[in-house]
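Novice: The following block contains the structure, expressed as structure tokens.
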Amino acid sequence: MALNNVPGGDRMKRFTLSCVVVACVWVGACGGSSTTAPTTPTAMSITPTTSVLVIGQSQPYSTANGPSTDVITWSSTDPNVLTIDSTGNATAIAKGVVTITAAGTTQSATLQVQVVPIYQGTWTGSTTTVACTSIGGGFTSYCTQSLGSDQAFGLTLSQSGLSVSGALTKAEPGGVLSGGVNGSIGPGGDITLTGTLTGVSSGANITGTLISWNSLATGTTMTGVWAANVTSPQILGIATLQLSLTGVTLAQ
């Protein structure tokens, strides 16, 4: 039945319309209720994220995303390895691993930093053959000449983060071996290298392949041991050498 034909129909229509309007306002303009999810504050961080420093290097750090009015307190877990002042300027003192902390009133951030020795540059000295084994017998004479002898040694390295690369030369009886090397710096600051050397020894073409390398730089002095396999298309078998670094220093 139409409301127009009912006594008081106009009043009922106005009442119904008013209820609809009120209901729409109550539920949010008839579009349903809506809520805004609370925003999570962005965690404070340390910048830059430079995590490898060489001894003697300085690195300024700052914070990002923290409250702009916060007062930051900087600290290092081991000031003997790395110091950091009140402005966030860090200085690498000795090899090791530390954690630096930026502490504010409501937030804090940490960054692990490894301090490593300086390997970049040209190292010269000698290498001493402390053991030599001829497998197959063809390198017996080679081992006899090499064992206990000192050969001139040179190692030129570039350094980036925990990676090192460069070139190695080693004197041989009546010749020299040389070639490229690559390696990395370990948690203790020592380096390991891999590479292949080629050259001439006593008139024979030989190839030396590094099978192990471990050395450590302390200031401008490098000590360490290494091993290599030596082969030749002109000699039967293979020679395995163990060597040590002697008097190796960084050119200034």
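Novice: Only one residue in VAL54, VAL27 is among the hydrophobic types (A, V, I, L, M, F, W, C), over 30 Å from SER184 (Cβ atoms) and either modelled with pLDDT of 95 or more or not assigned by TED's automatic domain parsing to the domain that holds SER108 (or both), so which one is that?
Specialist: Numbers: VAL54 fails: over 30 Å from SER184 (Cβ atoms).
Of the residues listed, the single one that is among the hydrophobic types (A, V, I, L, M, F, W, C), over 30 Å from SER184 (Cβ atoms) and either modelled with pLDDT of 95 or more or not assigned by TED's automatic domain parsing to the domain that holds SER108 (or both) is VAL27.
Novice: Which numbered condition trips up ALA109, out of (1) assigned by TED's automatic domain parsing to the domain that holds LEU245; (2) under 30 Å from THR49 (Cβ atoms); (3) out of contact with any Lys or Arg (no Cβ under 9 Å at 6 or more places or on another chain)?
Specialist: (1)
Novice: Still on this structure, I have one more. Please count how many residues of segment 48-66 are within 15 Å of ALA109 (Cβ to Cβ) and outside any strand (DSSP E or B).
Specialist: Residues meeting the conditions: 7.
Novice: Can you confirm whether THR129 is without any contact (Cβ under 8 Å) to a residue 40 or more places away in the chain and in the same structural domain as TRP213 (by TED's automatic domain parsing)?
Specialist: In short, no.
Novice: Just checking, which of LEU168, LEU193, LEU155, LEU162 is farther than 14 Å from VAL230 by Cα and out of contact with any Leu (no Cβ under 8 Å at 6 or more places or on another chain)?
Specialist: On the way: LEU168 fails: out of contact with any Leu (no Cβ under 8 Å at 6 or more places or on another chain); LEU193 fails: out of contact with any Leu (no Cβ under 8 Å at 6 or more places or on another chain); LEU155 fails: out of contact with any Leu (no Cβ under 8 Å at 6 or more places or on another chain).
LEU162 is the lone residue from the list that is farther than 14 Å from VAL230 by Cα and out of contact with any Leu (no Cβ under 8 Å at 6 or more places or on another chain).
Novice: Identify, please: which residue in segment 122-163 is within 15 Å of LEU250 (Cα to Cα) and aliphatic (A, V, I, L, M) and is, among those, surrounded by the most Cβ atoms within 10 Å (Cβ to Cβ)?
Specialist: Selected residue: LEU155.
Novice: So, one more: For the subset of segment 221-235 comprising residues that are aliphatic (A, V, I, L, M) and under 11 Å from GLY138 (Cβ atoms), which member is surrounded by the fewest Cβ atoms within 10 Å (Cβ to Cβ)? Reasoning before the result, please.
Specialist: Keep residues of segment 221-235 that are aliphatic (A, V, I, L, M), which gives 222, 225, 227-228, 230, 235.
Adding the requirement that they be under 11 Å from GLY138 (Cβ atoms) leaves 230, 235.
Working: VAL230: 25, ILE235: 22.
Among residues in segment 221-235 that are aliphatic (A, V, I, L, M) and under 11 Å from GLY138 (Cβ atoms), the one surrounded by the fewest Cβ atoms within 10 Å (Cβ to Cβ) is ILE235.
Novice: Name, by its number, the condition in (1) closer than 16 Å to VAL130 by Cα; (2) under 31 Å from the mean Cα position of the chain (by Cα) that does not hold for THR240.
Specialist: (2)
Novice: Only one residue in ASN182, ASN89 is surrounded by fewer than 17 Cβ atoms within 10 Å (Cβ to Cβ), outside the structural domain of VAL230 (by TED's automatic domain parsing) and touching a strand residue (DSSP E or B) at 6+ places or on another chain (Cβ under 6 Å). Which one?
Specialist: On the way: ASN182 fails: outside the structural domain of VAL230 (by TED's automatic domain parsing).
After applying the criteria, what remains is ASN89.
Novice: Take THR218 and decide whether it is surrounded by 14 or more Cβ atoms within 10 Å (Cβ to Cβ), at pLDDT 95 or above, assigned by TED's automatic domain parsing to the domain that holds CYS132 and at negative phi.
Specialist: no
The values are calculated or read from the model by the stated rules, or taken from the named source; none is laboratory data. Keep in mind that this is a model prediction, so the values were computed, not measured. A quick note on method: Cβ atoms are made from the backbone with ideal geometry, for glycine too, and the neighbour counts reach across all protein chains shown.
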